[in-house]
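**Q** First, the structure itself, so that you have it in front of you.
Every number in this text was worked out from the coordinates using simple rules, so none of it is lab data. Just so it is clear, the structure is predicted and the values come from calculations on it, not from any experiment. For neighbour counting, all protein chains shown are included, and Cβ atoms are generated from backbone atoms with ideal geometry for every residue, glycine included.
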């Protein structure tokens, strides 16, 4: 049995140990421990300050390079999309500020920003209601909806691809506009025509080429059921445009913020296009649209896509390079678009796409020769080269070949 003396001895031992610890801590051990800790803390502070200064210096250098790139890129882009009607498709979640910056680069390249397409969040619903199903049936009667992927039914994505391409049913010229109205009335898309050419009419031919701007969907979201459905719808749209031979560039963002190690933050749609071996040979991609280099790459990729050349640009996986080679300056046709319901002097009916079929052999990374000496196909009208900021001399009749820059 434990007696009172045992408790007294235990308490005395505890207090003695406490006293010894206090004495040592306040005496011989204090100076060594304190100086060591203070030295380590001071060293860590110095390292943090040094790293912060290095980061600030790197940010300043990056900002200076970005400013310089922005100044020279205008000269590189100038004239590469002259006379080209461009449509910009904003998928749900696409960043508006990024799109505005992209459109500024496209305008610098000489593009006519013809059509803006805003797609509603509900466009990818797996179970459409009766009204949407009826709308899709009506659209299919008006336009040539491309075949959906294996095992799938025609959906909003494939119908929208046919509308954007202006793929009228045979003998029903201009029916794609009615189909577009049906999709708008259903609340699935919002189409804004932007290139009014006079006070009396707006040129509403289908654009020559499209940029599909992705966003609002990351790799984690794409693994969820709703995300899988959204990604499938986006891919259907891109595949539909490719099947209808519409030059298309898919642009996403995220790779500029990727860490040194780990995920590259590649947009799921960009990744899906690159992973599809067949589609990757028909549709160009850019993965860093949030940065000026990605915006310039998108404009250049559009110019090459019009000549049948496909490439993949940015910082993410399967990218060919950060930028394509500078495209050749395009020739433009001097003329006035035909008002609704009319024909031009050459007999072209209203509603025709007016797309140019110029082709350039080779690719942007190693461009070959241009068939007509300018890198684009022959365009009816007076051929004019756009040099600097104005109209240059009349071009000679294209003959022989020249190397694209």
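**Q** Averaging sequence separations of C-alpha pairs under 8 Å and six or more residues apart, then dividing by the length of region 218-289, give the relative contact order as a whole percent. If you can, show how the numbers build up before the last one.
**A** On the way: 89 pairs, mean separation 26.0, N = 72.
Relative contact order of region 218-289: 36 percent.
**Q** Can you tell me how much longer the chain between residue 20 and residue 63 gets when fully stretched, taken as 0.36 nm per residue apart minus their C-alpha distance, in nm with one decimal?
**A** Working: separation 43, 0.36 × 43 = 15.48 nm, distance 6.01 nm.
Here the answer is 9.5 nm.
**Q** Once you put a point 7 Å from the Cα of residue 127 and another 7 Å from the Cα of residue 12, both along the Cβ direction, what distance in nm separates them?
**A** Label-label distance for residue 127 and residue 12, simple model: 8.3 nm.
**Q** Still on this structure, please answer the following. What is the distance, in nm, between label points placed 7 Å from the Cα along the Cα-to-Cβ direction at residue 173 and at residue 72?
**A** Once both label points are built, they end up 4.9 nm from each other.
**Q** Between residue 116 and residue 224, what is the spin-label point distance in nm, taking each point 7 Å from the Cα along the Cα→C-beta axis?
**A** Label at residue 116, label at residue 224, 2.8 nm between them.
**Q** When the scattering of region 36-154 is computed by the Debye formula from its Cα atoms alone, each counted once and equally, what is log10 I(q)/I(0) at q = 0.12, 0.17, 0.19 Å⁻¹?
**A** One equal scatterer on each Cα of region 36-154 leads to -0.77, -1.03, -1.12.
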